[in-house]
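Just below is one structure, and these are the notes that go with it.
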Amino acid sequence: MTPKEIFWMACDSTERQRAEYGPFRTRAEAETEARRLGFNFLVRYEHVLGEQEKVQEVRSIFIELPSASVEPAEAARKFYTRCAACGEAATHQEAWQAEVWADIHEFEHTRHRVRLFEQTRAEGLKEIGNWREAG
């Protein structure tokens with residue numbers, strides 16, 4: 001039997017350009033981390049080893065995780081603020097937290113302008129323009 005080295009990665013898609021996190025020795029570790037990160041897939045990498053333990057072949061097996069529960073859109077939403085002047089940024093769970101952070105930053109730094117971004121799993125990251133005037 002050909003010796004194999006097996007490890008697991010958490011990943012966000014099966015596309016060529018994907019985010020991966022790991023490696024993990026067991027599927028359970030990778031699955032736990034994938035769920036924490038909101039990733040829907042695992043990749044099992046098998047390295048077939050030859051002489052002197054050199055990698056001869058790499059096999060990738062994608063496994064789609066069953067969704068434990070469908071999260072409401074509100075739970076999967078995050079807000080990001082970033083100052084256009086100095087680049088300082090922060091992540092927020094609630095919109096009001098982003099507004100408070102922006103108010104403090106703009107008060108402490110004259111002529112700085114904070115931009116607001118919203119990220120959802122369905123729509124990705126998008127800027128909320130004129131968010132100071134809305135409301």
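The values are calculated or read from the model by the stated rules, or taken from the named source; none is laboratory data. All values derive from a computational prediction rather than experimental measurement. As a convention, Cβ positions derive from the backbone with ideal geometry for all residues, glycine included, and neighbour counts pool all protein chains shown.
For the reader, a short list of remarks on this structure follows.
- Note on the stretch 91-128: residues that are assigned to a helix (DSSP H, G or I), touching a strand residue (DSSP E or B) at 6+ places or on another chain (Cβ under 9 Å) and over 30 Å from S67 (Cβ atoms) total 7.
- Boolean, E29 is at pLDDT 90 or above and either buried (at least 16 other Cβ atoms within 10 Å of the Cβ) or of a type in the set (G, A, S) (or both): no
- Qualifying residue in the stretch 100-110 (condition: closer than 28 Å to N40 by Cα, among the aromatic types (F, W, Y) and either outside the structural domain of F39 (by TED's automatic domain parsing) or surrounded by 12 or more Cβ atoms within 10 Å (Cβ to Cβ) (or both)): no
- Among (1) in a strand (DSSP E or B); (2) more than 20 Å from I6 (Cα to Cα); (3) aromatic (F, W, Y) - the single one W131 does not satisfy: (1)
- Residue list for the stretch 32-58, restricted to those being assigned to a helix (DSSP H, G or I) and at pLDDT below 90: R35, R36, L37, E51, Q52, E53
- Near pairs, Cβ below 9 angstrom, 6+ apart or cross-chain, from the stretch 106-135 (closer than 12 Å to C83 by Cα) to any residue that is assigned to a strand (DSSP E or B) and among the acidic types (D, E): R115/E127; L116/E127; F117/E127
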